[in-house]
Amino acid sequence: MLKNKNIILGVCGSIAAYKSASLVRLLVKAGANVKVILTANAAAFITPLTLATLSKNPVYTKYYEEETGVWSNHVELALWADYILIAPASANTLSKMANGVCDNLLSAVYLSAKCQVLFAPAMDLDMWKHESTQENIRKLLAFGNLMIAPGSGELASGLVGEGRLAEPEEIMDFLNAQITQGMPLLGRKVLVTAGPTYEAIDPVRFIGNHSSGKMGFAIAHAFENLGADVTLISGPSAEQSSAGIKRINVRSAAEMHQACMEHFKAASITVMSAAVADYTPEIVAKEKIKKQDQTLTITLKKTADILAELGSQKTADQILVGFALETTNEEEHAKQKLQRKNLDFIVLNSLNDSGAGFGVDTNKITIINKALEKKTYEVKSKAAVAADICQEIISLL
Ligand code: CTP
């Protein structure tokens, strides 16, 4: 669950801070990228060196490190995180979080965060029971934060009762359960194609197109975030895919065809966003073609229509989605493709829409389903468009 997830672990001043060492170890072992922020009081209970060594990352303690001259940007840290976990969370930090106080790096990162925040309180019995603490916790839960409740038992003060930090294993279980909940496609096999294809003319030239692969890569990442097991077949593209995605690089339409045929059967969802060449040179010259006459004719032959072939093989429990990039009669052409290729829905881009098309980071789409109903969307980032496409697929499941 935690593989490649970015976790900020906030550690507050509590004797339970010693448990954060085990917690970091468990998080790292589960494949998470961990950055630790210690409050000044926490650093009195556990050394930054311990947590830096275990997390394999520098530990953050303040906005500005005098020794190194490094400024820790709280906004960047907050945006980096997929989850912020505050464990142990002291009464003092909970109070700051509940009331918008940000007088240290951890509270500033909390206020800047857009991701899910979880907190695991640890404090003495009477502090825990105090109406001020309970009121702060009610507020924090109402803000959408999640609490990993403290356990009951012997406390450092010698008192017995509630207030003991949840065990690291319990915190891990809570976090894993939380991640699973946000992953409706957990374990589903998904096939995505992206990018252009290059059709060789001779050893140095090819016929290609302007597709950058950005849209397909965004779709692959959106599926990964929803828990899917993603295979991405990509034509030549400068885009980076995350380590969790199985990436297969291809060049030509024929190579993409072969890779799709190999992986389609196992996929319960396939999204064909690649801009596959419709034609390829009939003969690929073995040597570089030399300049001779005023004109040069290259005979092209049709490539296999991969999507149509997948559509003809598709079983009832497979979902198949295609793309249509049009310049004229957009909807009519998209509807014809949807039906001809036996798709569950088609994503239409029009080159006439500003903010849509090749190379840009935004897109504007219309989704047309089997019943020929259409949904139009605003111009959005390709990541947001990818999330919309995934949601549409989830609604079909
Ligand atoms: N496609 C494919 N194999 C091809 C060509 C296209 O799988 N050889 C897929 C694309 O990935 C896209 C969809 O088909 O999902 C639409 O591609 P497009 O080229 O627009 O459609 P065509 O059927 O080729 O129609 P036309 O070129 O006439 O617009």
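The table for this structure:
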read-out	value
Residue 324 vs. criteria small (Gly, Ala, Ser) and touching a helix residue (DSSP H, G or I) at 6+ places or on another chain (Cβ under 6 Å)	yes
Positions within segment 305-326 being surrounded by 12 or more Cβ atoms within 10 Å (Cβ to Cβ), among the aliphatic types (A, V, I, L, M) and more than 10 Å from the ligand (Cβ to nearest atom), in sequence order	319
Sole residue being within 11 Å of the ligand (Cβ to nearest atom), at pLDDT below 95 and open to solvent by 60 Å² or more (accessible area, probe 1.4 Å), chosen from 329, 352	329
Strands (runs of 3 or more DSSP E) enclosed by segment 208-287 - at least 2 residues per element that are more than 12 Å from the ligand (Cβ to nearest atom)	229-234, 246-249
Enumerated helices (runs of 4 or more DSSP H) restricted to segment 2-87, each holding at least 2 residues that are under 27 Å from residue 179 (Cα atoms) and touching a residue at least 12 places away in the same chain (Cβ under 8 Å)	19-29, 48-55, 74-80
Hey, residue 185 buried (at least 17 other Cβ atoms within 10 Å of the Cβ) and in a loop (DSSP other than H, G, I, E, B) or not	yes
Per-region count, segment 190-207, residues touching a strand residue (DSSP E or B) at 6+ places or on another chain (Cβ under 8 Å) and open to solvent by less than 40 Å² (accessible area, probe 1.4 Å)	10
Segment 188-220, residues that are out of contact with any Gly (no Cβ under 7 Å at 6 or more places or on another chain), more than 30 Å from residue 291 (Cα to Cα) and of a type outside the set (A, V, I, L, M)	188, 189, 214, 217
Residue list for segment 156-182, restricted to those being out of contact with any helix residue (DSSP H, G or I) (no Cβ under 8 Å at 6 or more places or on another chain), among the polar types (S, T, N, Q) and surrounded by 14 or more Cβ atoms within 10 Å (Cβ to Cβ)	178
Residue match in segment 160-174 (condition: among the small types (Gly, Ala, Ser), modelled with pLDDT of 95 or more and in the same structural domain as residue 288 (by TED's automatic domain parsing))	no
Segment 216-228: number of residues that are touching a helix residue (DSSP H, G or I) at 6+ places or on another chain (Cβ under 9 Å), open to solvent by 30 Å² or more (accessible area, probe 1.4 Å) and either more than 21 Å from residue 356 (Cα to Cα) or free of Cβ contacts under 8 Å to residues at least 24 places away in the same chain (or both)	1
Segment 3-33: number of residues that are closer than 15 Å to residue 78 by Cβ and open to solvent by less than 10 Å² (accessible area, probe 1.4 Å)	4
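Residue by residue, here is whether (1) among the acidic types (Asp, Glu); (2) out of contact with any strand residue (DSSP E or B) (no Cβ under 9 Å at 6 or more places or on another chain) holds:
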position	(1), (2)
346	no, no
349	no, no
361	yes, no
367	no, no
371	no, yes
380	no, no
393	no, no
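The values are calculated or read from the model by the stated rules, or taken from the named source; none is laboratory data. Predicted model only: the values in this text are computed from it and were never measured. Please note: Cβ atoms are built from the backbone with ideal geometry, for glycine as well, and neighbour counts cover all protein chains shown. Ligands, DNA and RNA are excluded from the accessible area calculation, which covers all protein heavy atoms including side chains. Shrake-Rupley method; radii C 1.70, N 1.55, O 1.52, S 1.80 Å.
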